[in-house]
1. Is it fair to say VAL90 is over 28 Å from PRO139 (Cα atoms), out of contact with any Cys (no Cβ under 9 Å at 6 or more places or on another chain), open to solvent by less than 50 Å² (accessible area, probe 1.4 Å) and modelled with pLDDT of 90 or more?
2. Got a number for residues in the stretch 67-84 being among the charged types (D, E, K, R) and open to solvent by 50 Å² or more (accessible area, probe 1.4 Å)?
3. Can you name every residue in the stretch 115-138 that is surrounded by 11 or more Cβ atoms within 10 Å (Cβ to Cβ) and part of a loop (DSSP other than H, G, I, E, B)?
4. All but one of (1) surrounded by fewer than 15 Cβ atoms within 10 Å (Cβ to Cβ); (2) in contact with a strand residue (DSSP E or B) (Cβ under 7 Å, 6 or more places away or on another chain); (3) closer than 16 Å to THR67 by Cβ hold for SER102, so report the exception by its number.
5. Has the stretch 57-66 got any residue that is out of contact with any helix residue (DSSP H, G or I) (no Cβ under 6 Å at 6 or more places or on another chain), open to solvent by 50 Å² or more (accessible area, probe 1.4 Å), charged (D, E, K, R) and free of Cβ contacts under 8 Å to residues at least 40 places away in the same chain?
6. Which members of the stretch 7-61 meet the condition of being within 16 Å of the chain's Cα centre (by Cα), over 20 Å from VAL90 (Cβ atoms), at pLDDT below 85 and among the aliphatic types (A, V, I, L, M)?
Amino acid sequence: MARIEVPVQLRWSDMDAYAHVNNVEMLRLLEEARIEVFWRHPDAPDGTPADGGRPTAVLDAGPGALTSTLVARQEIQYVRPLPYRRAPVVIELWIGHLGGASLDVCYEVRDAPTSTPGATVYAKAITTIVLVDTATGAPRRLTADERAVWEPYLEEPVVMRRRA
């Protein structure tokens with residue numbers, strides 16, 4: 001199966017008093033990657049696709065969209081502190097589960113792509129997203145087109161360490 005790698009630039013304000021990326025900011029980095037990968041963005045005035053031509057960007061969740069996307073659950077495991085760095089971190093995304101009206105987005109935050117020997121993993125996470133009909137507020141089922149686009153990125157969910 002396939003995974004999607006998104007470089008995300010850290011901001012100076014992401015760092016906390018301990019000189020590493022704050023836990024709340026880590027969730028924002030995941031959100032930035034998720035939005036880039038799954039949400040359609042308006043094209044630039046010159047016609048250049050704002051979503052970078054990502055085939056997975058099929059959700060229109062902007063103002064006036066027919067579908068809203070709600071975070072139903074998030075779980076994150078911090079593997080090691082992520083210090084501020086000028087080079088972007090690489091957030092690797094895949095889908096761990098496609099439900100009737102929801103999907104689980106899985107992530108690994110790394111210092112380099114998976115193909116790089118010795119790449120360091122800083123965090124692992126899962127976000128459950130529910131698709132909601134904006135007019136009714138009720139969950140809506142994934143369409144056949146959405147499933148077809150996302151199924152190539154479906155694989156086993158990220159494994160979190162559990163306490164005994």
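1. Answer is yes for this residue.
2. Qualifying residue count, the stretch 67-84: 2.
3. Passing the criteria: THR116, ALA119, THR120, THR134.
4. Here SER102 meets the rest and fails (1).
5. Checked against the condition, which is being out of contact with any helix residue (DSSP H, G or I) (no Cβ under 6 Å at 6 or more places or on another chain), open to solvent by 50 Å² or more (accessible area, probe 1.4 Å), charged (D, E, K, R) and free of Cβ contacts under 8 Å to residues at least 40 places away in the same chain, the stretch 57-66 yields at least one hit.
6. Within the stretch 7-61, VAL58, LEU59, ALA61 qualify.
The values are calculated or read from the model by the stated rules, or taken from the named source; none is laboratory data. The model shown is predicted, which means the values in this text are computed figures rather than measured ones. Note: ideal-geometry Cβ built from the backbone for every residue, glycine included; neighbour counts use all protein chains shown. Note: accessible area is taken over every heavy atom of the protein model, side chains too, but ligands, DNA and RNA are not part of it. Shrake-Rupley method; radii C 1.70, N 1.55, O 1.52, S 1.80 Å.
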